[in-house]
1. Quickly run through the range 61-93 and pick out the residues that are part of a loop (DSSP other than H, G, I, E, B), over 21 Å from S124 (Cβ atoms), open to solvent by less than 30 Å² (accessible area, probe 1.4 Å) and in contact (Cβ under 8 Å) with a residue 12 or more places away in the chain.
2. Can you tell me which residues in the range 127-170 are in contact with a His (Cβ under 9 Å, 6 or more places away or on another chain) and open to solvent by 30 Å² or more (accessible area, probe 1.4 Å)?
3. Among the residues of the range 94-111, count how many are among the charged types (D, E, K, R) and open to solvent by 70 Å² or more (accessible area, probe 1.4 Å).
4. I'd like the residue in the range 12-22 that is at pLDDT below 85 and outside any loop (DSSP other than H, G, I, E, B) and, out of all such residues, is most open to solvent (accessible area, probe 1.4 Å).
5. Output the residues belonging to the range 83-115 that are β-branched (V, I, T) and modelled with pLDDT of 90 or more.
6. Inside the range 23-33, can you point out the residues that are surrounded by 21 or more Cβ atoms within 10 Å (Cβ to Cβ) and either closer than 19 Å to A106 by Cβ or not aromatic (F, W, Y) (or both)?
7. Quick test for you: out of Q118, Q129, Q155, pick the one residue that is in contact with a Phe, Trp or Tyr (Cβ under 6 Å, 6 or more places away or on another chain), at pLDDT 90 or above and not aliphatic (A, V, I, L, M).
8. Considering the range 131-144 alone, what residues qualify as being under 13 Å from I43 (Cα atoms) and either part of a loop (DSSP other than H, G, I, E, B) or aromatic (F, W, Y) (or both)?
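The values are calculated or read from the model by the stated rules, or taken from the named source; none is laboratory data. Since we're looking at a predicted model, the values are computed, not measured. All Cβ positions, glycine included, derive from the backbone under ideal geometry; neighbour counts span all protein chains shown. These area figures cover heavy atoms from the full protein model, side chains too; ligands, DNA and RNA do not enter into them. Shrake-Rupley method; radii C 1.70, N 1.55, O 1.52, S 1.80 Å.
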Amino acid sequence: MNERADADQPERSSLPARDDYYLALAFAAARRANCRGRSVGAILVKGDRVIATGYNGTPEGLPNCLDGGCLRCADRAQFVSGTDYDLCICVHAESNALLTAGRFGASTDGTTVYTTDQPCFSCSKELIQAGVVKVFYARDWHPDPRVSDDYLRLQRRLGAEQVPTHYEIRRVDELP
């Protein structure tokens with residue numbers, strides 16, 4: 001074998017594990033988020049291939065959340081963080097990934113999701129209905145205590161698993 005070709009190839013042990021690689025992609029997607037509240041990214045993987053990505057923000061063609069496009073996110077005095085998601089115009093990262101897959105004809109049945117944040121109550125239901133079989137997430141999310149038992153059932157059904165990570169989300173406008 002050509003010595004030059006061998007020198008250009010990374011050693012196998014220096015490659016990131018697949019789960020770490022996909023989680024890194026989710027954190028990269030989160031950098032595109034335009035939500036005032038939290039930056040979240042999600043990756044849909046099927047057959048060891050990324051089939052869709054998503055990040056949270058306003059629907060296509062509407063003003064970005066950061067530009068005042070979402071009243072719920074803009075008025076934290078009226079809307080407490082972690083509540084009233086049904087009044088938020090923003091689309092969550094996991095939903096955006098599912099919708100992107102559907103828009104471009106990719107089946108989501110049997111997929112795995114890698115996401116920066118544990119899916120919320122609504123996204124968890126959507127992921128189950130879309131055929132997602134496993135979720136890996138970095139940061140946890142806590143539902144309204146009144147529905148915590150139902151939320152845990154959804155998480156168990158998804159095989160949701162928190163994984164440790166050293167990644168952090170920094171938006172492009174926050175970089176040096």
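1. G69, C70
2. Of everything in the range 127-170, just one residue is in contact with a His (Cβ under 9 Å, 6 or more places away or on another chain) and open to solvent by 30 Å² or more (accessible area, probe 1.4 Å), namely S148.
3. 2
4. Filtering the range 12-22 for residues that are at pLDDT below 85 and outside any loop (DSSP other than H, G, I, E, B), the one most open to solvent (accessible area, probe 1.4 Å) comes out as R12.
5. Listed by number, the residues that qualify are V91, T100, T108, T111, T112, V113, T115.
6. Answer for the range 23-33, where residues must be surrounded by 21 or more Cβ atoms within 10 Å (Cβ to Cβ) and either closer than 19 Å to A106 by Cβ or not aromatic (F, W, Y) (or both): L23, A26, A29, A30, A33.
7. Q118
8. V132, F136, Y137
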